[in-house]
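Here is the structure we will look at, set down as structure tokens.
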Amino acid sequence: MKQALMIGALSIILFANAALAEDLSIHDTVGIAKIVHSIPAADGDIAQRLYDSGVKIDYVSVHKITREDVQEDPEHVTMGDQEITILTQGDFGAPCQLLGDPRFIKRKNRYIPQSRTAAYLLTGSCKFDG
């Protein structure tokens, strides 16, 4: 009986950890810095572009693309992709209207903008073909 309970409890813990592996919300400054400094952009990296614009980062959300995500949108995502959203406060001061927080798809070593805000930060241009 004790073994069955232990196995049940272990299964629940493993299932919960597997679910957590799909989505991460990073709030600590070191974790945020690692992500935003890893995304190359016009004039440096995304961290530099955000700093230059005066925008404050609240946190970073990372979603590992699942099989269900691929089935819903097979033209834009593939297995192994990660969706990275940088949640911010402040005005980007861009020459075009930006709506929302920057969102990217990370595919291997490429970062694909998923919003005009992300495209502006990556390229310095307001053009977004999304």
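Just so it is clear, none of the values below were taken in a lab; they were calculated from the coordinates. Predicted model, so just to flag it, every value in this text is computed and none were measured. Cβ atoms come from the backbone with ideal geometry, glycine included; neighbour counts cover every protein chain shown.
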## Note on the structure
Here the gain from full extension of Gln82 to Tyr51, 0.36 nm per residue of separation minus their alpha-carbon distance, amounts to 8.8 nm
### Query
Between Cys126 and Ser38, what is the FRET efficiency for a Förster distance of 30 Å, r being their Cβ-Cβ separation, to the nearest 0.05?
0.80
### Message
Quick check: Cα centre of the range 22-61 to Cα centre of the range 91-130, how many Å?
### Response
13
